[in-house]
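Contents: one structure, followed by commentary.
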Amino acid sequence: MDWLIRPANSHAGELARKLRLSPLCAQVLINRGIQTSEEGTSFLRPSLGGLIEPEQMPGLKEAVERIEQAIRKGERLTIYGDYDVDGITGVAILWYILRLLNAKVDYYIPHRIEEGYGLNCEAVEQLARDGTDVIITVDCGISSLEAAQRAGELGLDLIITDHHRLGAKLPKAAAIVHPLLEESYENPHSAGVMVAFKLGWGLANRSRTNGQLAPDLRQFLLDATVLTAIGTIADVVELDGENRIITSYGLKAAGDCTLCGFQSLIESLSLKNEQLGSYEIGFRVAPVLNAAGRMGHARLAVELLTSNNEMQSGEIAQYLNEQNRKRRQCESKILKQVREMITAGGLDRPKQKSIILAHPDWHIGVIGIVASRIADRFGKPTILLNNGDDIAKGSGRSIPGFDLFKALESCSRELVRFGGHSAAAGVRIEREKIERFAAAFEEYVRNNPSEEDTLGRLSIDALTSMGELSHRVVQELQLLAPFGRGNPAPVFATKGVHLISPPRRVGQRGEHLQLSISDEGSLPQSEAVGSGQKGAVRCIGFRMGELEKQLLERDFFDVAYEPKINNYKGSSNVELVLTDVRFD
């Protein structure tokens, strides 16, 4: 793997002095585009005061006015949300706020397998029969032209809140709340839950008395930052600007969140007394919420987040954990099949630029996760399809620098339907057209290569020495969290390290490696950040068990890693999570 090492910046020392940070932390800030102490202070200490006022969101004013009218007239509102975590959390936020405003409100989540993504005509017709007057979408609707037309024919008013890519034509609606409707809007990377949060906040603001929010509304808006953080992290949007503000605040507020369902979920995952970070949300909390829609019906996840019954929410949380366990088993089976098909079909060869595969037995709710893993592993845009019916359904995932939505647009004549954004999308295609679509998609990828050739490359923030990684410095680096897209966890490298004890294979199959290393402190100061003093530290290399023999045979080697604080049985020590090992 090639290492792309950021050079030491001559301004790191000055920035470190002004912010009272280590030079290493200052270097990472510079790598993230932070140049001044003012920018650094804002980045390190995000405040809710930095959030964009809801009234600035394009289309929000019209949506608020129509909803207020519905509340006054006693009309029935139905929130129609997507079945992923972004949609689930957005639905829960709007439902809570509308209930606090005494609205007649219910919610509807389409079935992932039976109905698919987005607003559909059958659901609109059913909601009309049930007495709905106004439909409010969350995280969907911007591409549902036919369903929007049908809603109008049935006399329903439609309010769309979405963040996905705008098409050439907008659906007919009473209001469309969308960050991309105006180029000047400061946060074009808003998640669907952020758009829903802004709408709820805007409604709450209109209910103020003498400039003050009612106590229950104020408390819920604080709790809503937790749900917004979960949805934002789960949707893998850029964690900068107000996205960073809301995730940072929401994660810190999680311990004080008064939502019964959220606390039951956290307790079921044994995270009750832990400080939640983007890792815990992305890899522990979000998969359980997603499991509801992937393996069954996502409505159950909304029931959990909106429940005020401790016993009920506890039972739902445990059930969703079991569904997530089944999802992992299903995912493992599909992943194995996909890898075998890639090898058999030669799709792993360098000349092949995309991966499109289909199988009649693949679970539609799980193939998106597998597509993501394959795209990451092979560095190629990937689409996986279930072709058990005449209309195949699938999910696609992209790679950095490649716009999946544009690629699908170029092949749209072969598709029944598609929607999504640059990084992820859903597709429907007639079974007999899959091969033709795969050829057209491959041709587009060949002619429009990724702007960032990241396959086989590792971005490293700085070369440093072990002695620089004190407990204080590693704790200081956590000030840069939450980490995610646009703000990855810092990765450093140290050259010329050696073992100070034999490595040990760990894990059920010995797939991981524990080792302790030291460096010689000889890194030239022209390259390193810090003093270059030597040190020793313990490391863990996940899925690096096969390196045991090579490490024993070499006197020196180079390591790339993420430094962490390992808290275990009352002790707190610096530990390196290895990203790569080089033997050059």
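Bridges between two residues of segment 461-582, per DSSP, are antiparallel at a rate of about 85%. Taking the fewest neighbouring Cβ atoms within 10 Å as the starting point, the ordered list for K564, K353, K569 is K569, K564, K353. The lysines whose alpha-carbon is closer than 27 Å to the alpha-carbon of K326, local same-chain residues fewer than 8 away aside, are K272, K336, K393. Pairing the Cα long axis of helix 215-234 with the longest principal axis of the chain, what angle in degrees results, from 0 to 90 and rounded to the nearest 10? The helix 215-234 is inclined about 60 degrees to the chain.
By count of other Cβ within 10 Å, fewest leading, how are I460, I176, I500 ordered? Working shown, then result.
Numbers: I460 20, I176 24, I500 12.
Fewest-to-most ranking of I460, I176, I500: I500, I460, I176.
Cross-link check: pairs K18/K495; K104/K172; K172/K353; K73/K172; K169/K380 evaluated at a Cα-Cα cut-off of 32 Å; pairs beyond the cut-off: K172/K353.
Peptide packing for 285-295, 415-425 was compared via the average number of neighbouring C-beta atoms within 10 Å per residue; ordered from the highest value, the list is 285-295, 415-425. Cα centroid separation, segment 246-303 to segment 13-62: 26 Å.
When the square roots of the Cα gyration tensor eigenvalues are ordered a ≥ b ≥ c, the ratio a/c for segment 346-468 is 1.5 or more and a/b exceeds b/c, which makes its shape prolate. A simple packing score, the average count of other Cβ atoms within 10 Å per residue, orders the peptides 20-31, 69-80 as 20-31, 69-80, with the highest score first.
Gyration tensor analysis over the Cα atoms of segment 54-319 returns equivalent ellipsoid semi-axes of 27, 21, 19 Å (largest first, whole Å). If both residues of a DSSP beta bridge must be in the chain, then about 60% of such bridges are antiparallel.
Here the spin labels are modelled as points 7 Å beyond Cα on the Cα-Cβ line, and at T209 and A439 they lie 7.0 nm apart. Shown here are the Rg and Dmax of the Cα trace of segment 295-384, at 17.1, 56 Å.
Which order do I391, I136, I88 fall in if you start with the one that has the fewest other Cβ atoms within 10 Å? Write down the numbers at each step before the final one.
Details: I391 14, I136 31, I88 34.
Result, fewest neighbours first: I391, I136, I88.
Return the tail of the calculated pair distribution for the chain, meaning the percent of Cα-Cα pairs more than 35 Å apart. Taking all Cα-Cα pairs of the chain, the fraction more than 35 Å apart is 43 percent. Over all directions, what mean area does the Cα convex hull of segment 408-493 project, stated in square nanometres? Directional mean of the projected Cα hull area for segment 408-493 stands at 8.3 nm².
Every number here is computed from the coordinates shown, using simple stated rules; none is lab data. Remember, it's a predicted structure, so these values are computed and weren't measured experimentally. Glycine also receives a Cβ, built like all others from the backbone with ideal geometry; neighbour counts cover every protein chain displayed.
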